[in-house]
1. Kindly list the number of the only condition in (1) in contact with an Asp or Glu (Cβ under 7 Å, 6 or more places away or on another chain); (2) within 12 Å of the ligand (Cβ to nearest atom) that fails for G144.
2. Out of (1) free of Cβ contacts under 8 Å to residues at least 60 places away in the same chain; (2) open to solvent by 60 Å² or more (accessible area, probe 1.4 Å), what's the single condition that is false for G97?
3. Assuming R22 fulfils every condition listed in (1) of a type outside the set (D, E); (2) surrounded by fewer than 16 Cβ atoms within 10 Å (Cβ to Cβ); (3) under 18 Å from S210 (Cβ atoms) apart from one, which condition is it?
4. Condition test on I132, is it of a type outside the set (D, E, K, R), open to solvent by less than 10 Å² (accessible area, probe 1.4 Å), within 9 Å of the ligand (Cβ to nearest atom) and at negative phi?
5. Test each condition in (1) under 30 Å from E10 (Cα atoms); (2) more than 10 Å from the ligand (Cβ to nearest atom); (3) not in a helix (DSSP H, G or I) for G174 and report the one that comes out false.
6. With the condition kept exactly as written, say whether any residue in the range 135-143 is buried (at least 20 other Cβ atoms within 10 Å of the Cβ), part of a helix (DSSP H, G or I) and touching a residue at least 24 places away in the same chain (Cβ under 8 Å).
7. Output the number of the condition that D260 fails; it satisfies all remaining conditions of (1) under 30 Å from F165 (Cβ atoms); (2) open to solvent by 80 Å² or more (accessible area, probe 1.4 Å); (3) within 18 Å of the chain's Cα centre (by Cα).
8. Hey, any hits in the range 227-237 for a residue that's open to solvent by less than 40 Å² (accessible area, probe 1.4 Å), within 12 Å of N134 (Cβ to Cβ) and part of a helix (DSSP H, G or I)?
Amino acid sequence: TVAEPERSFEAAIAADQRIEPRDWMPDGYRRTLIRQIAQHAHSEIIGMQPEGNWLTRSPSLRRKAILMAKVQDEAGHGLYLYSATETLGADRAELTGMLIEGRQKYSSIFNYPTLTYADVGVIGWLVDGAAICNQVPLCRSSYGPYARAMIRVCKEESFHQRQGFELLATMMRGTAEQRKMVQEAVNRWWWPALMMFGPPDDRSPNSAQSMAWRIKRHTNDELRQRFVDMSVPQAEALGVTFPDPDLTWNAERGSYDFGDPDWSEFMQVIGGNGACNVERIANRRAAHENGAWVREAATAFARRESTKENA
Ligand code: 3HC
């Protein structure tokens, strides 16, 4: 017979209820949540680097203030998600070590370089747009702390996406040079944005179990399709095209057909051999090492304060 705690866990999942930190849960459920949420948090933290490259190069104070707010939000999302892993018993310092030693992943998208200022707009529009497509369903993930974290994150992501689209719309009303810069950035970011949703469903080892446990509510391909269908009208409104000759409306399906991303490139990038992987991790390692004295000082201060209180 199935033990009582296991039965009530299965019943809660079947009834689409939330699993909370104090509830019994299978080790595998805990493990895959720590894996996914930690890598989600790593993505937010590493994701600050590509855009951070343009903080001092923004063309106006307004653009700089917006970008500063967005990068700050990403840091907050990362810390918020590390807190969610701690409710599962993970240790934040250990997770940072795993990221720096390449034993945990972060989103492939952040291993591409930000070559022109239009990249800042395209990242907001397409990368945060893809992140929203992926994160809105996660607001209904079966694990309570993760789902609740996503509600706040999604609200801030919609500002990220809107500021990116508005930045591009402004450039598209500019000179021919600016319009060319936008189209060139779209051409570089479109396929990597589609890869953010993960490998095709028939090559996604974690999806079946994550769907059964209602951690994932849609498959990788379903969300990728949703993102394509959402993005094409926006591209038309902007006056840009996507670099995919197979992108066509399929009236029968009521969706766009589109070409196949280069999955060998994807495997290279998530294997650590993308354009910027070494630089991104080196920067993260340096920040961690150079920041050690701040953590030590804060810990010493907290310890002194707590002994004062207990004196
Ligand atoms: N980048 C890096 N690794 C990826 C990946 C990507 N785009 N897509 C898949 N992978 C990895 C998976 O982590 C898994 O490896 P692992 O077992 O070592 O973790 C392997 O490839 C196979 O993929 P699966 O589809 O089997 O794995 P999942 O079921 O975990 O699905 C996922 C992958 C869809 C990314 C899922 O983990 C997920 O939804 N994660 C939460 C969302 C997230 O991490 N988003 C990051 C976007 S960037 C961001 O949010 C910042 C925003 O502010 C811009």
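The values are calculated or read from the model by the stated rules, or taken from the named source; none is laboratory data. Everything numeric in this text was worked out from a predicted model, so none of it was measured. In this analysis, Cβ positions are derived from the backbone assuming ideal geometry, glycine residues included, and neighbour counts consider all displayed protein chains. Please note that ligands, DNA and RNA were not included when accessible areas were found on the heavy atoms of the full protein model with its side chains. Shrake-Rupley method; radii C 1.70, N 1.55, O 1.52, S 1.80 Å.
1. Condition not satisfied by G144: (2).
2. Of (1) free of Cβ contacts under 8 Å to residues at least 60 places away in the same chain; (2) open to solvent by 60 Å² or more (accessible area, probe 1.4 Å), only one is false for G97: (2).
3. Every listed condition holds for R22 apart from (3).
4. No: the conditions fail for I132.
5. Among (1) under 30 Å from E10 (Cα atoms); (2) more than 10 Å from the ligand (Cβ to nearest atom); (3) not in a helix (DSSP H, G or I), G174 violates only (1).
6. Yes: the range 135-143 contains one or more residues that are buried (at least 20 other Cβ atoms within 10 Å of the Cβ), part of a helix (DSSP H, G or I) and touching a residue at least 24 places away in the same chain (Cβ under 8 Å).
7. Result: D260 passes all but (3).
8. Checked the range 227-237: at least one residue is open to solvent by less than 40 Å² (accessible area, probe 1.4 Å), within 12 Å of N134 (Cβ to Cβ) and part of a helix (DSSP H, G or I).
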